[in-house]
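The values are calculated or read from the model by the stated rules, or taken from the named source; none is laboratory data. This structure is a prediction, so every number in the text was calculated from the model and none was measured. Cβ placement follows ideal geometry from the backbone for every residue including glycine, while neighbour counts extend to all protein chains displayed. Just the protein is used for accessible areas: all its heavy atoms, side chains included, with ligands, DNA and RNA removed. Shrake-Rupley method; radii C 1.70, N 1.55, O 1.52, S 1.80 Å.
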Amino acid sequence: MIDIQNLSFAYAEQAVLSNLSVSVAENEFWAVVGPNGAGKSTFLSLLSGQLTPQAGSLQIEGHSIQDFSTRQLAAKLALVRQEFVPAFGFSVQETVLMARFGQKNAFFAQNADIQAVQAALKATDTQDFADRPLGHLSGGERQRVFIARALAQETPVLLLDEPTSHLDLKHQVRIFDLLKQMQCEQGKTILLVTHDINLTCQYCDRVLLLGSEGKSYQGSPREVLDVRHIEETFGVKGYQGHIQQEKFFLPLGQFSKDRPQE
């Protein structure tokens, strides 16, 4: 589905990604993790065509991303950015409906558009405030609306930049449940930027761990999210345990009650 070879990108003189190669198969659920400034959001911007690689190649279904028009790319992938405050007074339903118009020439909603919007609102538990202005919602509610917008776009690929960062525990799990359901039932290919290592271990098939100076690890969560890799990449001590077959990681600060003695 997505093939990346020797991808490099820098802002001015600062290299962010260097010689990165990743192959994402159809219907895989990937997490992209790493510390702030490691290039996670830049990676999504390159995948969505918002930035142009300075070196290397990026292909979707065997075609260079530069060969796609904006409309063609919108039919292939949907992007959910980190939550922001909207400048205009669109309602929730209007915001989600706008995702339908990027893929076609018509600017009037058809029955299929309405059905897709209603299904996306229901899936994200946002249908109860469909008529409210987007700016009147909490940060977490708005984030769920933008996820609904991506679902309504009905693309084979979903790109999400920290979609659970403003959500409470219940809705964090619901979003991961929803994405896993979309993967299993609709064959979606998903790339998710997240700081939640523990949910990544539970839900994702593959992990790309981005570190400093172009260093990275990729593979299954069990292979990549090892306590040594995490401590090295994030510069934090921690405890790693298991719940049945899955790992979990608990960061331990300087004054942690459970921090082991040096």
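For an R0 of 25 angstrom, estimate the FRET efficiency from the Cβ-Cβ distance between residue 26 and residue 222 and round to the nearest 0.05. Efficiency, rounded to the nearest 0.05: 0.65. Given their separation in residues at 0.36 nm each and the Cα-Cα distance between them, residue 195 and residue 168 gain 8.3 nm when the chain is fully extended.
Averaged over its residues, the chain has an accessible area of 51 Å² per residue, based on protein heavy atoms and a 1.4 Å probe. Max-minus-min Cα coordinates of the stretch 1-154 on each principal axis give 46, 32, 27 Å, with the largest extent listed first. Among the listed pairs 188/215; 40/237; 215/257; 76/170; 76/247, those whose Cα-Cα separation exceeds 25 Å are 188/215; 215/257; 76/170; 76/247.
The calculated 222 nm mean residue ellipticity attributable to helices in the chain amounts to -10000 deg cm²/dmol, summing -39500 (n - 2.57) over DSSP H runs of n ≥ 4 and dividing by all residues. Take the chain, drop everything but the C-alpha atoms, weight them equally and run the Debye formula without solvent; then report log10 I(q)/I(0) at 0.10, 0.17 Å⁻¹ to two decimals. Listed by q, the Debye log ratios stand at -0.53, -1.38.
Note on the stretch 164-262: Rg/Rh from Cα positions, Kirkwood definition for Rh, rounded to two decimals, is 0.99. The length gained by stretching the chain between residue 186 and residue 131 to full extension, at 0.36 nm per residue less their Cα-Cα distance, is 17.0 nm. In this simple spin-label model, placing a label point 7 Å from the Cα along the Cα-to-Cβ direction at both residue 101 and residue 54 gives a separation of 3.7 nm.
How large, in percent, is the carbon and sulfur part of the accessible surface of the chain at a probe radius of 1.4 Å? Taking all protein chains in place, the chain shows 48 percent carbon and sulfur surface.
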